[in-house]
Amino acid sequence: MLMPGLSHKLTPLFTFLFLFLSFPTNASPATTAIAQQFKEAPQFYNSPGCPSIDQDEIDPESDGDSTVFCSEHAVHVAMTLDAAYIRGSMAAILSVLQHTSCPQNIAFHFVASASASTSLLRAAISSSFPCLNFRVYTFDDSSVSRLISTSIRSALDCPLNYARSYLANIIPLCVRRVVYLDSDLVLVDDIAKLAATPLGEQSVLAAPEYCNANFTSYFTPTFWSNPSLSLTFADRKPCYFNTGVMVIDLDRWREGDYTTKIEEWMELQKRIRIYELGSLPPFLLVFAGDIVPVDHRWNQHGLGGDNFRGLCRDLHPGPASLLHWSGKGKPWARLDANRPCPLDALWAPYDLLQTPFALDS
């Protein structure tokens, strides 16, 4: 909620000038994207029935911070954060807070590239969400860049796209379960429902499965013609799942050392090309057929179109709790270009971008 007073009205302008002038004039488009100014979001408060998180108790693993970052009563959300996609991240954060009953019990864990200006990213989030519970962690690009193979779209080769494979190493050990979200989505339902997905006795993650998709298309003929490789799925019934929305048991991930398992497949890909699509196939190789399926309403994905043309798409049949603009086309880019798809109108209400002519509003 905006506070009255001239000084507060000037704050967003000063934030914009600070973020813009902090970059050299020859910076790349991905870098200068953070020079956008964002509005302050409304403040959201817990409903009366929300679990209480005692802010007076300090967890020894939380570095002196309040226990919300380690509390099992909190809903822990992990997202990557960078200049190119920060506009989408802002919209995603707002949608999470707006539709949950316990917004003060949400703990955001943002992962940013070590090569990014995390102080500017942190300042942008704080300016729009002054009371948000969040941390920003740095991800060492070099830890994965040597393993990345070129894919069908250059944007998929960004090292930060692979950070989801390292969450268990990045996020504090006291966090036992996390909901991972991409930055090109909005929720229209309470994220606590998704976070509470039962994972059973052994499953590491849960996500919506799409068993009608042609699973073989995610791997090359080289993979399927090699008996030792194709037998990877011999004891499973693998289905495609989108890694942009996942519920992950971090304790089980750490116990099973699944980061190493994913890296081993990436190392093989460097020697023998067994897939074409960035960070998704290693997840499928390790987890497909062994995940807990989640209702499709929690990932109405593909709204960005395919990876080549980004054509407009319709919603899948059935209800929707989460809208995901995966694919080439992003709603903010299409809106700016005055070429929006019909469904981009569902993203627009969560857009916090401050246009220059609205500075005095």
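Modelled label-to-label distance, SER126 and SER142, 7 Å Cα→beta-carbon offset: nm?
With each label point 7 Å from Cα toward Cβ, the separation is 2.9 nm.
Can you give the Rg to Rh ratio of the range 100-180, both from alpha-carbon atoms, with Rh computed by the Kirkwood formula?
Using only Cα positions, Rg/Rh for the range 100-180 is 1.01.
How would PHE223, PHE134 line up by accessible area, probe 1.4 Å, largest first? Let's see the in-between values first.
Working: PHE223 0, PHE134 35 Å².
Listed by decreasing accessible area, they come as PHE134, PHE223.
What FRET efficiency do you get for LYS328 and VAL188 if R0 is 30 Å and r is their Cβ-Cβ distance, rounded to the nearest 0.05? Don't skip to the end; give the middle numbers.
Working: r = 23 Å, r/R0 = 0.77.
With a Förster radius of 30 Å, E is 0.85.
In the P(r) worked out for the range 184-336, what percent of Cα pairs fall beyond 20 Å?
Working: 6288 of 11628 pairs.
That fraction is 54 percent.
Please give the length that would be gained between THR355 and SER101 if that part of the chain were fully extended, namely 0.36 nm times their separation in residues minus their C-alpha to C-alpha distance (nm, one decimal).
Details: separation 254, 0.36 × 254 = 91.44 nm, distance 3.01 nm.
Full extension from THR355 to SER101 adds 88.4 nm.
Short version: ³J(HN,Hα) in whole Hz for each residue of the range 334-346, in order, from phi by Karplus 6.51 cos²θ - 1.76 cosθ + 1.60 (θ = phi - 60°), x for Gly and Pro, what are they?
Taking θ as phi minus 60°, the curve returns 6, 5, 5, 7, 6, 10, x, 7, x, 6, 5, 5, 7 Hz for the range 334-346.
From the gyration tensor of the Cα coordinates in the range 156-268, what semi-axes in whole Å does the equivalent ellipsoid have, largest first, with each one equal to sqrt(5λ)?
Details: eigenvalues 129, 62, 48 Å².
Output for the range 156-268: semi-axes of 25, 18, 16 Å.
Hey, got the dipole for the range 223-317? About the Cα centre, +1 on K and R Cβ, -1 on D and E Cβ, debye to the nearest 20? List each step's numbers first, then the result.
Values: 11 positive and 13 negative charges, 64 e Å.
Rounded to the nearest 20 debye, it is 300 debye.
Cα centroids of the range 253-293 and the range 326-347: how far apart, whole angstrom?
For the range 253-293 versus the range 326-347, the Cα centre distance is 31 Å.
Could you tally the net charge around GLY289, taking each other residue with its Cβ under 14 Å from the Cβ of GLY289, Lys/Arg +1 and Asp/Glu -1?
On the way: positive: ARG236, LYS237; negative: GLU209, ASP235, ASP290.
Computed value for this residue: -1.
Amide H to amide H under 5 Å from THR138: which residues, 5+ apart in sequence or cross-chain, H placed 1.01 Å off N in plane?
Amide H neighbours of THR138: ALA112.
Above 16 angstrom, tally the Cα pairs of the range 246-313 and express them as a % of all pairs, no decimals. Let's see the in-between values first.
On the way: 1417 of 2278 pairs.
Looking at the range 246-313, the distances longer than 16 Å represent 62 percent of pairs.
Net charge near ALA196: determine it from the other residues with C-beta under 15 Å of the C-beta of ALA196, scoring Lys and Arg +1 and Asp and Glu -1. Let's see the in-between values first.
Numbers: positive: ARG176, ARG177, LYS193, ARG297; negative: GLU72, ASP189, ASP190, ASP249, ASP295.
In short, -1.
Can you list the HN-Hα couplings for the range 192-197, worked out from phi with the Karplus curve (6.51, -1.76, 1.60; θ = phi - 60°), rounded to whole Hz and with x for Gly and Pro?
For the range 192-197, the Karplus curve yields 4, 5, 5, 4, 8, 4 Hz.
Given a Förster distance of 56 angstrom, what is the FRET efficiency for SER149 paired with SER52, based on the Cβ-Cβ distance and rounded to 0.05?
Numbers: r = 48 Å, r/R0 = 0.86.
E between SER149 and SER52, to the nearest 0.05, is 0.70.
If r is the Cβ-Cβ distance from THR222 to TYR45 and R0 is 56 Å, what FRET efficiency results, to the nearest 0.05? Write out the running numbers ahead of the final one.
Numbers: r = 55 Å, r/R0 = 0.98.
Computed FRET efficiency for THR222 and TYR45 comes out at 0.55.
The values are calculated or read from the model by the stated rules, or taken from the named source; none is laboratory data. Remember, it's a predicted structure, so these values are computed and weren't measured experimentally. Glycine also receives a Cβ, built like all others from the backbone with ideal geometry; neighbour counts cover every protein chain displayed. With ligands, DNA and RNA removed, areas are computed over all heavy atoms of the protein, side chains included. Shrake-Rupley method; radii C 1.70, N 1.55, O 1.52, S 1.80 Å.
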